Amino acid sequence: MKKKLSVIIPVYNAEKWIDRCLISLLQQTFQDFEAIIVNDGSTDNSLNIIKNYTKIDNRLYCISTENYGSAKAKNLGLSHASGSIIAFLDSD
């Protein structure tokens with residue numbers, strides 16, 4: 001089902017901040033969104049943390065890629081977005 005808002009979150013080695021980022025997003029009152037989390041080649045525990053969140057909320061999903069930088073991660077997220085409104089959220 002198409003969502004109104006697509007939130008794209010590029011992540012690179014953000015294990016210190018990704019919990020707070022995703023909790024903040026999930027606590028919003030607006031619920032008609034999808035969150036596309038782009039793991040940009042993290043070498044820390046970010047991917048495991050993200051996977052745990054995707055298991056508990058089906059509005060969140062993760063794409064993993066090699067580290068190409070924030071701009072390419074955002075563009076990858078854009079290519080998967082279905083929302084009529086796009087937002088970017090930094091993981092830190």
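The values are calculated or read from the model by the stated rules, or taken from the named source; none is laboratory data. The structure presented is a predicted model; accordingly, all values stated were derived computationally and were not measured. Because the Cβ atoms are built from the backbone with ideal geometry, glycine has one as well, and the counts that use them run over all protein chains shown. Note: accessible area is taken over every heavy atom of the protein model, side chains too, but ligands, DNA and RNA are not part of it. Shrake-Rupley method; radii C 1.70, N 1.55, O 1.52, S 1.80 Å.
How do Arg59, Arg20 rank by accessible surface area computed with a 1.4 Å probe, from largest to smallest?
Numbers: Arg59 35, Arg20 195 Å².
Ranked from most to least accessible, the order is Arg20, Arg59.
Using the Karplus curve 6.51 cos²θ - 1.76 cosθ + 1.60 with θ = phi - 60°, work out ³J(HN,Hα) for each residue of region 27-42 in order, rounded to whole Hz, and write x for Gly and Pro.
Once rounded to whole Hz, the list reads 8, 5, 6, 6, 10, 8, 9, 10, 10, 9, 9, 9, 7, 8, x, 4.
With runs of 4+ DSSP H residues as the only contributors, calculate the mean residue ellipticity of the chain at 222 nm using -39,500 (n - 2.57) per run, divided by the residue total and rounded to the nearest 500.
On the way: 3 runs with 31 residues, N = 92.
It lands at -10000 deg cm²/dmol.
List every residue whose amide H lies under 5 Å from the amide H of Ile8, counting only residues 5 or more places away in sequence or on a different chain, with H placed 1.01 Å from N in the peptide plane.
Ile36, Ala87, Phe88, Leu89
What is the dipole size for the chain, taken about its Cα centre, with +1 at each Lys and Arg Cβ and -1 at each Asp and Glu Cβ, in debye to the nearest 20?
Details: 10 positive and 10 negative charges, 64 e Å.
Computed about the Cα centre, the dipole is about 300 debye.
Which of the lysines could a cross-linker span from Lys74 if the Cα-Cα distance has to be under 22 Å and same-chain partners fewer than 8 positions apart are dropped?
Lys2, Lys3, Lys4, Lys16, Lys51
Which label belongs to the value computed from this structure, given these candidates for Cα extents along the principal axes in Å: (1) 49, 45, 20; (2) 32, 24, 20; (3) 54, 23, 19?
Matching the structure shown: (2).
Enumerate the calculated ³J(HN,Hα) couplings along region 70-86 in order (Karplus 6.51 cos²θ - 1.76 cosθ + 1.60, θ = phi - 60°), each rounded to whole Hz, writing x wherever the residue is Gly or Pro.
With the stated coefficients, region 70-86 comes to 4, 4, 5, 4, 5, 5, 4, x, 4, 5, 9, 6, 10, x, 7, 10, 10 Hz.
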